[in-house]
Every structure is written in structure tokens, then in C-alpha cells.
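Written below as C-alpha cells is the structure these notes are about.
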Amino acid sequence: MRVPIALTHKETGGYTAYIPSLQGCIADGATRDQALQNVKQLLLQYLHALNIDVVFEAQERGIIASIPSLPNCTSWGLTEQAALRNLQQSIARYVEAETEDHLPPNSEHASVSV
């Protein structure tokens, strides 16, 4: 899944980060990094709210949960509920990894893929 994140410098100071394809997914921050972190949090909330297909696979010592539409987004738990709770952390790591270090330094406007 690729979602562009745009970042702009505000005339009044600070930055605005937004996801053009997700109406209302916009966040401000005093710095570029803060604005990006805030919009990543909104994306995370959006992903958690979606009805995403989760695949459970029984293993000898527990359950593996994965999301086929998000590469390498897997978790483990003793029960399906535990694996699902752990999967939320995996989603957060997925978003962070996909957006990390994709912005050129000191840019006033850039696009990031997640």
C-alpha cells in the first residue's frame, strides 16, 4: 500500500503534513519531524479503524496473525486476541519503517510513500 504524504511550510511558522488521498488526514507541527510524526499517528488511527483482513495461523506454541495487504506485518500470541493486540504494534512499526528517511533534508515541500 502506497500513500503519499505531503509536507508544506506554513507562512505563520511550523509545518503542515497531510495525506492528499485521505480527506481530513492533516496535522501540524512546530517542526517538520513533529508534523510528520503527527500525520503518521493519524494514518495509524485510520489503519486501525479499517476492516483489514487478518489471517490467523495456528502454530505449535501459539497463533501467528498477519495482514496480507501490509508486507511483513505479522505478530504472535498465545491466543488470537493476544496476536491481534501485538499486531497493532506491528502496524505501527510498518508505518514508521515505510516513512522513515524518505524526505530530503531542509525541504519545504516533499512527498513520502507509506
Going by what's in this entry, would ALA30 be described as under 15 Å from the mean Cα position of the chain (by Cα), modelled with pLDDT of 90 or more and of a type outside the set (Val, Ile, Thr)? no
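Table: residues versus (1) small (Gly, Ala, Ser); (2) at pLDDT 80 or above; (3) closer than 25 Å to ASP28 by Cβ.
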residue	(1), (2), (3)
TRP76	no, yes, no
GLU80	no, yes, no
ALA83	yes, yes, no
VAL95	no, no, yes
GLU100	no, no, yes
LEU103	no, no, yes
ASN106	no, no, yes
VAL114	no, no, yes
Scanning the range 72-90 residue by residue, those of a type outside the set (A, V, I, L, M, F, W, C), free of Cβ contacts under 8 Å to residues at least 40 places away in the same chain and under 16 Å from HIS48 (Cα atoms) turn out to be THR74, SER75, GLN81, ARG85, ASN86, GLN89, SER90
Only residues in the range 23-42 that are over 17 Å from TYR94 (Cβ atoms) count as the first member; pair them with residues that are in a helix (DSSP H, G or I) and small (Gly, Ala, Ser), Cβ under 8 angstrom, at least 6 apart or cross-chain, and list the lot. ALA27/ALA35; ASP28/ALA35; GLY29/ALA35
Residues (surrounded by fewer than 17 Cβ atoms within 10 Å (Cβ to Cβ), in contact (Cβ under 8 Å) with a residue 12 or more places away in the chain and assigned to a helix (DSSP H, G or I)) located in the range 45-57: TYR46, HIS48
Inspect the range 33-53 for any residue being at pLDDT 90 or above and basic (Lys, Arg) and give the result as yes or no. no
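The values are calculated or read from the model by the stated rules, or taken from the named source; none is laboratory data. None of the values given here were measured: they were computed from a predicted structure. So basically every Cβ, Gly included, is an ideal-geometry build from the backbone, and we count neighbours across all protein chains shown.
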